[in-house]
Amino acid sequence: MPKKINKATETLKIGYVLFVLFFAFIPLFIMIVVSFKTNTQYQTNPFFFDHPSTWQWGNWSKAWDIVSGYIWNSIFVSVLSTLTTISMVLLSAYALARYRFPGRNIIYYGIIASMFLPGTAATLVTVFDLLRRLNLINSLWALVLMGTNGGQIAGVFLIKQFIEDIPGSLFEAAQMDGAGHLHQIRHIVLPMSIPVISICMIMDFLGTWNSVILPLIVLRDPELLTIPVGLMYLEGEYVKQYGEMMAGYAISSVPLIIMFIFTMKTFVKGLAAGAVKG
Amino acid sequence: MTDSETPPKPPLGKQRMARFWHKAKQVQMLYLLVLPTTLVIAVLGYYPKIDVVFKSMYRWNPPDVEEYVGLQNFVDIFSDNLFWQSFQLVFILLIANLFKMWPGIFAAVALHRIANEKLRYRFQVCFVIPMVIPGMVWLLIWKSFYDPTYGVLNRFMNATGLMRFFHFLDGSPGNVETYGLMPRIARYLGHVDPETGESFGIIHNFVAPVFGDTWGLVLLGAFFLTLAIHGSNRHKRHIAGGLIAAAAALPLILILVQKVVVGPGVIGAALLAFIVLMFFLARTLGPKWVLWMFYIFGGLIVFRENYLYLFLLPVAAILISEGIRHGMEHFAAEGVIKTIGTLVMVFGFLLIGFGQTWTEPTGQFAYGAPAWLGNQDLVIPAILFWGFPWVGTMGVLIYLAGLQQIPQDVYEAAEIDGIGPMGMLFKIELPLILTQVRINLIFMTIGTLVSYEMFLILLGPSGGPGNRGMVPGLYMFSKAFMDGQFGYASALGMVLFFLILGLTVIYQKYVKVDK
């Protein structure tokens, strides 16, 4: 960084960043503003709050009635699929990183290679057909299952590398003491690879949480919808109540915000990893 | 730990088997550990991917209809106008992405250069916050912005007078006298009289007869740009040129052959020939061959009316560039070919931009309530404007991470050399975050090609009015889940797969070039 501070260019830089941030935040601001309005109020004044006495708190309670079900469904799917993914990944990454056994390379490269094959974008049709034959249409378990599939590949890749870096003497000492595989995973791998595990977990969680197309084709009952699909249907209603819709959007953003507050650093890393994974 | 004494008596094969089973017993616990992952990947990952290859050859509407049709689905795709149209949109989006990435890079650089550290940190936190909001919420809020009567966008335009300006550019439809500025320019550049069928302007009287189409100019420019980087080995260049010409002639030959023999076998043979040609091209050119695959693919779209141009233009480009190389020293020739390519391409884009996009007034701006997502002429502009100022906060953070790795002394050295702030941007910061820019660009490209959530949500499964917002992924989705043509959708998926594979090859090549 140049040491001399040029006032004019400094203002220019700050101005540009503020300009960008302004547009990043204006949708959120308008979301909050409109969530307190009736449609008529929205039409007369979309840009700013009205007098607090005219605020429509009812929008929020109505939105909560609609959206809360979606939130629970999303939490169910995301938590369950993240937990199963990570436990399966831990087992296999441990075996693949620590031991050489016949077929190990085939299995490992088989897992990694599927990273380069197209995802559900190109195989949506056959995935749907498979789920239909497994009798999982209109069931949240289909999403849990497919979420498990999505997270495995990157998870195995990352965690295997991490386990390989753990000093082998630790495992050997544990083996001397008669510790089995599961024991070693629980007491050596798990505590030592918390950082990479949490990144993987957040990546998986966000992936399932934000997935749209799969829930859209799999779920039929309105009470089974996850947040993205639920909001999509809410928006598609014939008579749009913008106030309720915006309140619903705001409410459904809350779970991730809470998660973000507690795991800020890991969260950003997980997001970055997920974004690069595509 | 696995070596154990084995009696030397049994024959070698049996001995090996015995050793294998012995080992397997020792490691059966390990197999148990990898079983869940393997099972999930095999059943949910690999099975659908293999299945899609087979199902692409069926007329298939589960659970009732399932009938083998061979390559018919691919033949149908070949002549499916909507499918080609969807790639036109992808192309527009890709070009737009090249422009849209700059605000993000500038934002990262500006953020990186802010001297006040406290302020910089606060801004950085601010950039993280929008990422926490689910993508669906962003999409739906922006969708509400586009609403004709309630939407913030129209109200803003009305309040600031932008709406009147757009009306000035646009005018009213029906009568040529009431056309706005842009349709008038387009008329001047080229139009066809609907009654006499006479055509006017440079586009119809010069560009179309010579280059096939205005898009042909763009393609020709791309040919030149690629030929410029073909390298200094003359022998290799000539072989590559021949292969390219042969591949470009294939559609013509196919049409001629089909006048005599018709059948999926002919198309299969043509595909095979194409693959063989591309294989040898890849061996001569290295990873650059992929570009030619995309050009020929693009040429199939552009020159649908007359495949002769698909053959003539590359051949002309190759001949011209070889001629230039013949008379000049290597680097000078490369520069000249690049300049020609850029000029031709820019000229093509200008003609398309001013002559073929805004040809008729939409008439939407006159009453101050344009239906951005409901009018077929406004759908694509609305999508391109979507997300203004196109700064993905994620991208900014990735760039920023790259910028922060630049050591302090590089800046100091540059300062001593007297490089100003703009020079720093282009001589230091951009080259050093090129890896990040490339990665971002590649993922953006693949994302543009395969993802369609945004279009589904903004415009519905049919891609909005006049199918203008149809992208390939969305087309696959709507073929399967709206029309019930699952086999056809699988074939579309296969085509997409090969395109992504091609892009991944490019990606592999360019990401490895790491500094």
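None of the figures in this text is laboratory data; all of them are computed from the coordinates on show. Predicted model, so just to flag it, every value in this text is computed and none were measured. All Cβ positions, glycine included, derive from the backbone under ideal geometry; neighbour counts span all protein chains shown.
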May I ask you to evaluate 6.51 cos²θ - 1.76 cosθ + 1.60, the Karplus curve with θ = phi - 60°, for each residue of region A:43-52 and list the ³J(HN,Hα) values in order in whole Hz, giving x for glycine and proline?
5, 6, 8, x, 8, 9, 4, 7, 4, x
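Work out the length of the dipole vector of chain B about its Cα centre, built from +1 on the beta-carbon of each Lys and Arg and -1 on the beta-carbon of each Asp and Glu, and round it to the nearest 20 debye.
Numbers: 35 positive and 30 negative charges, 358 e Å.
Value, rounded to 20: 1720 debye.
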Zone of residue B:308 (label point 7 Å along Cα→Cβ, backbone N under 12 Å): which residues in region B:186-214?
B:209-212
Cut-off is 10 Å between beta-carbons; in what order do A:55, B:21 appear when sorted fewest neighbours first?
B:21, A:55
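Is there a quick way to get the dipole size of the protein assembly as shown? I mean about its Cα centre, with the Cβ of Lys and Arg at +1 and of Asp and Glu at -1; what is the value in debye to the nearest 20?
The calculation lands at about 2080 debye.
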Between residue B:58 and residues 5 or more places away or on another chain, which pairs have amide H atoms under 5 Å apart, with H built 1.01 Å from N, and which residues are they?
B:69
Starting from the Cα of residue B:162, step 7 Å toward the Cβ, then list every residue of region A:13-54 with an amide N under 15 Å from that point.
A:20, A:22-24, A:26-27, A:47
Tell me, how many Å apart are the Cα centres for region A:59-83 and for region A:1-55?
29 Å
Along each of the three principal axes of the Cα atoms of region B:86-171, give the extent in whole Å, ordering the values from largest to smallest.
50, 35, 29
Label-point separation in nm, residue A:29 to residue B:16, each point 7 Å along Cα→Cβ
7.3 nm
Can you figure out the FRET efficiency of residue A:61 with residue B:96, using R₀ = 45 Å and their beta-carbon distance, to the nearest 0.05?
0.60
Would you give the gap between the C-alpha center of region B:100-162 and the C-alpha center of region A:172-198, rounded to a whole Å?
45 Å
Residue by residue, what Karplus-based ³J(HN,Hα) values in Hz, rounded to whole numbers, does region A:193-202 have, using 6.51, -1.76 and 1.60 with θ = phi - 60° and x for Gly and Pro?
10, 3, x, 6, 4, 5, 4, 4, 5, 5
Which FRET efficiency value, to the nearest 0.05, do you get for residue B:117 and residue B:199 by plugging their Cβ-Cβ distance into 1/(1 + (r/R0)^6) with R0 = 56 Å?
0.35
Loop-resident sites, region A:185-278, for trypsin sites (Lys or Arg not before Pro), counting at most 10 other Cβ within 10 Å (DSSP):
A:220
For region A:149-252, what is the Kirkwood hydrodynamic radius in Å, using each pair of distinct C-alpha atoms?
17.3 Å
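I need B:53, B:34, B:109, A:239 ordered by Cβ neighbour count within 10 Å, fewest first.
On the way: B:53 15, B:34 25, B:109 21, A:239 5.
Lowest to highest Cβ neighbour count: A:239, B:53, B:109, B:34.
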Using the Cα centre of region B:12-75 as the reference point, and only Cβ charges (+1 on K/R, -1 on D/E), how large is the resulting charge dipole? Debye, rounded to the nearest 20.
740 debye
Looking at the P(r) of chain A, how many percent of alpha-carbon pairs lie beyond 29 Å?
50 percent
Label points 7 Å out from Cα along the Cβ direction at residue A:220 and residue B:408: separation in nm?
6.6 nm
Computed FRET value (nearest 0.05) for residue A:112 with residue B:256, which takes r as the C-beta separation and R₀ as 35 Å
0.20
Stokes-Einstein, Kirkwood over Cα pairs, chain B, 37 °C, 0.692 mPa s; D in µm²/s equals 120 µm²/s
Across A:62/A:269; B:23/B:55; A:269/B:100; A:7/B:100, pairs whose alpha-carbon gap is larger than 32 Å:
A:62/A:269; B:23/B:55
Hey, rough spin-label estimate for residue B:316 and residue B:239, points 7 angstrom out along Cα→Cβ, what's it come to in nanometres?
2.9 nm
Note to self: C-alpha centroids of region B:175-238 and region A:215-230 sit apart, in Å, by 47 Å
The protein assembly as shown: D in µm²/s via Stokes-Einstein (Kirkwood Rh, Cα pairs, 20 °C, 1.002 mPa s)?
72 µm²/s
Principal axis dimensions, largest first and in whole angstrom, of region B:12-75 by Cα:
52, 30, 20
What fraction, in whole percent, of alpha-carbon pairs in region B:372-515 exceed 28 Å separation?
41 percent
Sorting A:60, B:292, B:84 on the 10 Å Cβ count, fewest up front, what's the list?
B:84, A:60, B:292
Would you work out which of B:135, B:505, B:378 lies farthest towards the positive end of the dipole of chain B, given +1 charges on the beta-carbon of Lys and Arg and -1 on that of Asp and Glu, about the Cα centre?
B:505
Find which of B:270, B:350, B:314 sits farthest along the positive direction of the dipole of region B:202-355, computed with +1 on the beta-carbon of Lys and Arg, -1 on that of Asp and Glu, about the Cα centre.
B:270
HN-Hα couplings for region B:381-387 via Karplus (6.51, -1.76, 1.60; θ = phi - 60°), in whole Hz with x for Gly/Pro, come out as x, 4, 5, 5, 6, 3, x
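Just the projected area, averaged over all directions, of the convex hull on the alpha carbon atoms of region A:50-162: how many nm²? Before the final figure, lay out the partial values.
On the way: hull surface 45.8 nm².
That works out to 11.4 nm², a quarter of the Cα hull's surface.
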State the answer as a single residue: which of A:247, A:229, A:151 lies farthest towards the positive end of the charge dipole of chain A, with beta carbon charges of +1 for Lys and Arg and -1 for Asp and Glu, about the Cα centre.
A:151
